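Laboratory data are not the source of any read-out in this text; all were calculated from the coordinates shown. These numbers were taken from a predicted model, which means no experiment stands behind them. Glycine also receives a Cβ, built like all others from the backbone with ideal geometry; neighbour counts cover every protein chain displayed.
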Amino acid sequence: MYDEFRFLNVFFIRISMSNRFKIFQKNISSFCVIISMDKISELNGGRIIDTRLLTQVQSSQILENGSRCVPAFVDDICHRCGTRVQTDIFKGKKVYCRGCLNFGKIYLDDQLIITNNEVTFGQQSFPLTWRGQLTEMQRTISMKLIESFYQSEDHLVWAVTGAGKTEMIFPLIAEAIKNDKRIAICSPRIDVCIELFPRIKAAFENTSIALFHGRSDEEYHCTQIMIATVHQLIRFEQAFDVLIIDEVDSFPLAGDIMLERAIEKSKKPNGMNVYLSATPPLHLLNRVDAKNLNLSKMYQRFHQHPLPEPKTHLLFKPSNFTKINPRLKFRIEQLVKLHEKFMLFFPRIPEMLEFESNLRKSFPDLKMVSVSSKDADRINKVGMFRNDEVQAILTTTILERGVTFHQITVIVIDADAKEFSKTALIQIAGRAGRSKDSPDDEVHFYYNYYSRQIKLACDEIKSVNKQARKK
Ligand SMILES: [Zn+2]
């Protein structure tokens, strides 16, 4: 959430720098933004704005432009994020919502403007500029998604890692654009959004598109396609005709009621939600059973090869025994000699850093980087690994999903740690074998205790491969 708060600040700073607005800043709760008349329309698209951030003249201008004004709270429930405030804990102080505090304080007596969501972008007959080919299975699922679009029904795509989910949604996005509809593609993870943005942009070259997340310095403007973290949806209401949620089961979305609510309210009443996942959460599968969510399954990767099945190794001694456990050291030695790229996954940052230090001593010539959620330079480091500038990358679960590398060996150290759930292990194993040239990349799980999560992950990967063979 810190990232999102930073985004809010950057949003205002950028406004000032670009000379498009003038800001008179007293403090964060009394920002007063002067918006030029011709820029008002850029705020359109179901954006929620606190009226205290606007002058009265601006509020009137926006309202004349088809927007509406609502109380910030009804029955102590915040209109922006849906959190109920406990008024009694404020003891005479002004009551505000703590749920969405990071997007700016809103007080009990505030008014919110929800900008006009009836936006048009002009029709395009052939919006898709991607020239690739879908496999038959991908094409079948993409057609099902288009059917759901015309029926205004939600749809879950349960596809194995490396199935080509992004390409599968291209025909749906194209169909929506042809109908002058607005699309949002969201993920709980900033890294996934950053990876998606250039791919979507290249596939729809003639369509307006923007990327918003806690680390982006792009100011909000209404585009036909928006790529954003799920957090950003807190600031929207009935904004999107097609709302695609990638990696729906990943942290921090999984189990976060406020974010799940944000997804529901950001969709237009006749819009559709598309959920993409290799490991869908139970609440979505329950909706499938209740027949209020359509389901498409894809057991096969786009290159038709099976998922690499993890090889499991009992270590007998801790992974840091004699600095680096000899069994692990032997494996790494082989990879270094053969000049093969590899990823090492760790459950926690301190263990990773300790291992990195020992690895550097044992293999002084090995070029490597390490990344974690705390690493501000991780996008750059991931790029170095992708571009073959380093042979190894050490990581926490931050890279368990949404990233694609070619020809790599994946090693999980302390796979029995509580941080490695079944889902995390399946996602991590899914980093291997994604390329057509090396579909049989190896995956190794090292542990001291064969945990239930390891067993469940291995069983599920085998079961998916079995299903794929039947097709
Ligand atoms: Zn709130």
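Across the options 369, 206, 72, the greatest Cα extent toward the positive end of the charge dipole of the chain (unit charges at beta carbon of Lys, Arg, Asp, Glu) belongs to 369. Ranking 97, 58, 112 by how far each Cα lies toward the positive end of the dipole of the range 57-146 (charges on Cβ) leaves 97 at the top. Full extension of the segment from residue 374 to residue 140, taken as 0.36 nm per residue of separation minus the current Cα-Cα distance, would add 80.2 nm.
For the range 428-471, what is the charge dipole size about the Cα centre, in debye to the nearest 20, if Lys and Arg each add +1 at the Cβ and Asp and Glu each add -1 at the Cβ? The dipole of the range 428-471 has a size of about 320 debye. Taking a span of 15 Å or more along the helix axis (Cα atoms) and a mean Kyte-Doolittle hydropathy of at least 0.0 as the rule, the DSSP H helices of the chain that qualify are 2-17, 190-203.
Select from the range 381-468 those chymotrypsin sites (Phe, Trp or Tyr not before Pro) which occupy a DSSP coil region and have at most 14 other Cβ atoms within 10 Å, ordered by residue number. Working shown, then result.
Details: sites: 385, 405, 420, 445, 446, 447, 449, 450; in loops: 405, 420, 449, 450.
Here the sparse-neighbourhood loop sites are 449, 450.
To the nearest Å, what is the center-to-center distance of the range 355-422 and the range 253-310, using C-alpha atoms only? First find each Cα centre; the distance between them is then 28 Å. The simple Förster model, with R0 at 51 Å and r as the Cβ-Cβ distance, assigns residue 367 and residue 206 a FRET efficiency of 0.80.
Each Lys and Arg adds +1 at its Cβ and each Asp and Glu adds -1 at its Cβ; summed about the Cα centre, the chain shows a dipole of about 700 debye. Residues whose amide H falls under 5 Å from that of residue 275, counting only those 5 or more places apart or on a different chain, are 155, 156, 157, 245, with hydrogens built in the peptide plane. List the trypsin sites (Lys or Arg not before Pro) within the range 82-117 that DSSP assigns to loop and that have no more than 12 neighbouring Cβ atoms inside 10 Å. Sites meeting the loop and neighbour criteria: 91, 93, 94.
Here the range 136-298 has an Rg and Dmax of 14.3, 42 Å, counting Cα atoms alone. Computed about its Cα centre, the charge dipole of the range 118-257 is approximately 340 debye, with only Lys, Arg, Asp and Glu carrying charge at their Cβ.
Centre-to-centre separation between the Cα atoms of the range 148-221 and those of the range 88-109: 34 Å. For the range 226-292, trypsin sites (Lys or Arg not before Pro) meeting the loop criterion (DSSP other than H, G, I, E, B) and having at most 14 other Cβ atoms within 10 Å: 291.
Shape summary: the range 311-470 maps onto an equivalent ellipsoid whose semi-axes, from the alpha-carbon gyration tensor, are 23, 19, 15 Å in decreasing order.
The calculated P(r) of the chain, using every Cα pair and 10 Å bins from 0, goes 4, 19, 27, 24, 16, 8, 2, 0 in percent.
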